[in-house]
Amino acid sequence: MAMDVLAPTLRGAGMKSLMLFYQEVLTEVGTRCGVSTTHDYKTIMSRIEEEGFSFLTITLTNFGKDLEKGLDQGYVDHNLFKAFAFQRGLPRLFGGFLDLIFDRNSGVLLNTPDEDSIQAIRQLTLMFGKVKMQCTPERDYAALKRYVECEQEVKDADKFFPLYEEDFKRVSSLLFSGLFTRLDHMAYYGELIPKHGSGATADGLHGNAKFYQSDWPVRLEEYFPAGEYLFPNWRYYDASFINYLEPGSEVPVKVTLVPKTLKTPRVIAEEPTAVQYVQQGLLEAIVDEVSKDFVLESLIGNKYQEPNQVLALKGSSDGSLATLDLSEASDRVSNQHVLALLSRWPHVSGAVQACRSRKADVPGFGLLRLAKFASMGSALCFPFESMVFVTVVLMGIEKELNTRLSRSDIKSLIGKVRVYGDDIIVPTEYAQSVADYLEAFGFKVNRSKSFWTGKFRESCGKEYYNGYDVSIVRVRSMFPGKLTDSQELISTVSLRNQLYKAGLWRSVKYLDRVIEDKIPFPAVGPDSPALGKFSYLGYESQRTDRYLQLPMVKAAVSEATFPANGVDDRFALMKVFLKRGDEPLAKRHLIESGRPNRVRIKIRWVRSY
């Protein structure tokens, strides 16, 4: 097998440090489970020599996913662990752990599989799966090609939507009539207050420069007139400042790639400043109104992942709830779905369509007219995908029950159905019907991450088996080589503290040595600004501040430098008028703004809690 092309850059001190850390974790979880790991480490080192770093980030990750499939179906067969040698019915690698989970001869799940061993294998195989790294050009191109292919699949699925449209409208009205009526009123009376986001935009405006935007699509005018949305009040109105854009001259969304894993990049779309500006106002109104509706807040998550995690735990304990996961979720919500969702509320529908980007500029593929509602990057992508998904979920439940749901029926599903983006929880008895309906709408159920037959459940970053938390700690970046590797140092401190809370204290000691080689690393409290170590024994005090009488430590602190990006005159006034909350704006907010262009580490005295 050819060595991964990134492997040579990871040899030397960086790779050695990672492998020494891996050896510590392997030894520690082996000791916890009473398993010898000597041969496992030799096998892993041999595979890395042959395949490179991708063995850790891709091949081992597939091992972890196959373990979850085996737990869900109740046995291991040769369709699983294809990249690994078998000894009778189970892989040789991590055989000591696997023998505590499955029967070696038959591959069948034991009556009482060892939860610590399940967590150990997951920790060892999945912890490098999401290291943020730049992909090869070939993988980048494949991701963009997949984006274009997905768009065609959305168009193909739209052909079948009329078969379900009336039921979709009926069920969505049961759910959202109150919400959409309130939003419709707000759109009609101009009560949607815009705001600028912190992200990048297709027209290249950042920070305070967004308040100088002059390009304004004509189709925004009906619900978001430039005279009211670009100026503090009509006294400052300047028609010559506004550059109205006809539909043919609008800036398309800019499809771009950001590092995610070695296997694939994340595809996002940067929206033009003007449409992102009003999208943010709509998003805020939707989230606020949902929070006032007990039923909707119980069924849809916009802010908090914990309710999904609690339900996943329950599903793993008693088997009553299933967890479903969708692939390419945001890219598969059709604009036809959203139009049907809002069909009875013309004003909010008009406002949403006015700020929806219709074209995307895809590197290497040119301009693409979009059938999808929005790509990841639109402020409206997440709330509308959640609303569409929960509607389809209830349609799937109706199909299984062979009856139409009433409002009281929907209320009875509180605590049993919940959607947070593409993380979906439903009663187990309806899981297959719901999955079938989701796929009928053109969505792609990720069967390898959807669970309802066994005792494994996964939702919103937490995993459980038989009521036991088998969640893991993930490595998010390479380890720092020097003090100026600020992001890597911050990430490694976070990794160390997560491992400490997970009880992997031998591995923590190794990371303490890595970090202490770069910076002072005292124990600090959770509210200290220092890059310090978490400890159940409390925080250190190296001296007391003579004025504030606070315990102090000498420690590293991360300091962000923001780009010079000034705003003044009427545009500064507009920024103040659009401010949310009671917290004051930053001291230099009129001079510098936007996302930090540099984060550096400084050593100084700082409070320890």
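The values are calculated or read from the model by the stated rules, or taken from the named source; none is laboratory data. These numbers come from a predicted model, not from an experiment. Methodologically, a virtual Cβ is constructed for each residue, glycine included, from the backbone with ideal geometry; neighbour enumeration extends over all protein chains shown.
Listing for the model above:
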| read-out | value |
| --- | --- |
| Residues located in segment 561-609, provided they are touching a residue at least 40 places away in the same chain (Cβ under 8 Å), within 31 Å of the chain's Cα centre (by Cα) and closer than 30 Å to S541 by Cβ | V599, R600, I601, K602, Y609 |
| Filter pass, V338 being over 29 Å from I193 (Cβ atoms), surrounded by fewer than 23 Cβ atoms within 10 Å (Cβ to Cβ) and assigned by TED's automatic domain parsing to the domain that holds Q276 | no |
| Residue in segment 399-416 that is among the aliphatic types (A, V, I, L, M) and buried (at least 22 other Cβ atoms within 10 Å of the Cβ) present | no |
| Hits in segment 221-252 (condition: without any contact (Cβ under 8 Å) to a residue 12 or more places away in the chain, more than 18 Å from I193 (Cβ to Cβ) and of a type in the set (S, T, N, Q)) | S240, S249 |
| Residue count, segment 563-608 (criterion: within 22 Å of S528 (Cα to Cα) and surrounded by fewer than 18 Cβ atoms within 10 Å (Cβ to Cβ)) | 13 |
| Hits in segment 432-461 (condition: assigned to a helix (DSSP H, G or I), touching an Asp or Glu at 6+ places or on another chain (Cβ under 9 Å) and among the aliphatic types (A, V, I, L, M)) | V434 |
| Filtered residues of segment 492-536 (kept if in contact with a strand residue (DSSP E or B) (Cβ under 8 Å, 6 or more places away or on another chain), among the basic types (K, R) and assigned to a helix (DSSP H, G or I)) | R496 |
| Subset of segment 204-220 (residues that are touching a residue at least 60 places away in the same chain (Cβ under 8 Å) and surrounded by fewer than 17 Cβ atoms within 10 Å (Cβ to Cβ)) | Y212 |
| Any chance Q73 is in contact (Cβ under 8 Å) with a residue 12 or more places away in the chain and surrounded by fewer than 17 Cβ atoms within 10 Å (Cβ to Cβ) | yes |
| Scan of segment 168-223 for residues that are under 27 Å from the mean Cα position of the chain (by Cα), modelled with pLDDT of 95 or more and of a type in the set (G, A, S), ordered by number | S172, A202 |
| Flag if E385 is surrounded by 23 or more Cβ atoms within 10 Å (Cβ to Cβ) and modelled with pLDDT of 95 or more | yes |
| Every residue from segment 222-241 that is surrounded by 15 or more Cβ atoms within 10 Å (Cβ to Cβ), within 23 Å of Q280 (Cα to Cα) and not hydrophobic (A, V, I, L, M, F, W, C) | Y223, G227, Y229, P232, Y237 |
| Residue list for segment 181-228, filter: over 17 Å from D569 (Cβ atoms) and of a type in the set (S, T, Y) | T181, Y188, Y189, S198, T201, Y223 |
| Selection count where residues are among the aliphatic types (A, V, I, L, M) and in a helix (DSSP H, G or I), scope segment 417-431 | 1 |
| Residue satisfying all of: in segment 434-467; under 19 Å from K416 (Cβ atoms) and of a type in the set (D, E, K, R); surrounded by the most Cβ atoms within 10 Å (Cβ to Cβ) among these | R457 |
| Where F373 falls short, out of the listed (1) crowded, with 24+ Cβ neighbours inside 10 Å; (2) of a type outside the set (K, R); (3) over 28 Å from S433 (Cβ atoms) | (3) |
| Pairs, first surrounded by 19 or more Cβ atoms within 10 Å (Cβ to Cβ) in segment 288-316, second assigned to a helix (DSSP H, G or I) and β-branched (V, I, T), C-beta under 9 Å, six or more apart | L296/V290; L296/V390; L299/V390; L299/V393; L299/I410; I300/V290; I300/V390; G315/T428 |
| Qualifying positions in segment 388-425 - among the polar types (S, T, N, Q) and under 23 Å from L313 (Cβ atoms) | S412 |
| Cβ pairs under 6 Å, 6+ apart, first in segment 418-429 and of a type in the set (S, T, Y), second in a strand (DSSP E or B) and at pLDDT 95 or above | T428/A322 |
| Count - residues of segment 152-187 that are in contact with a Lys or Arg (Cβ under 7 Å, 6 or more places away or on another chain) and crowded, with 21+ Cβ neighbours inside 10 Å | 1 |
| Number of the exception - V475 against (1) under 19 Å from the mean Cα position of the chain (by Cα); (2) in a loop (DSSP other than H, G, I, E, B); (3) surrounded by fewer than 17 Cβ atoms within 10 Å (Cβ to Cβ) | (3) |
| Qualifying residue in segment 400-413 (condition: assigned by TED's automatic domain parsing to the domain that holds G301, within 24 Å of S448 (Cβ to Cβ) and either touching a helix residue (DSSP H, G or I) at 6+ places or on another chain (Cβ under 8 Å) or of a type in the set (S, T, Y) (or both)) | yes |
